[in-house]
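Input: a single structure, listed below in structure tokens.
The values are calculated or read from the model by the stated rules, or taken from the named source; none is laboratory data. A quick note: this is a predicted structure, and the numbers were derived from the prediction, not measured. A quick note on method: Cβ atoms are made from the backbone with ideal geometry, for glycine too, and the neighbour counts reach across all protein chains shown.
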């Protein structure tokens, strides 16, 4: 299961977050989302746990608790859908308008 963690302090790193979630079971991966230009943390992350029962317990236990000085939101992510970006958008002229 992939878990979303929001409202994280920007100082939070992957190692710290992994330690928090490992209290509830095995953690497969931790991804703190970062700005592509500055590299600074964006205040949210994703944690992957292979066992749904452990992930559910982590969500239940950690949602609306404090990590450092922030109250975080912890929830299961929805299934990821593929985004398709069209290289060309029809223009007004192409549609004959």
Selection status of residue 25, modelled with pLDDT under 95, over 14 Å from the mean Cα position of the chain (by Cα) and over 15 Å from residue 75 (Cα atoms): no
The one condition in (1) closer than 21 Å to residue 14 by Cα; (2) at pLDDT below 95 that residue 75 fails to fulfil: (2)
Members of the range 1-19 found to be within 15 Å of residue 44 (Cα to Cα) and not in a helix (DSSP H, G or I), listed by number: 2, 3, 4, 5, 6, 7, 8, 9, 10, 11, 12, 13
Scan of the range 20-48 for residues that are on the phi > 0 side of the Ramachandran plot and either in a strand (DSSP E or B) or in contact with a helix residue (DSSP H, G or I) (Cβ under 7 Å, 6 or more places away or on another chain) (or both), ordered by number: 25, 43
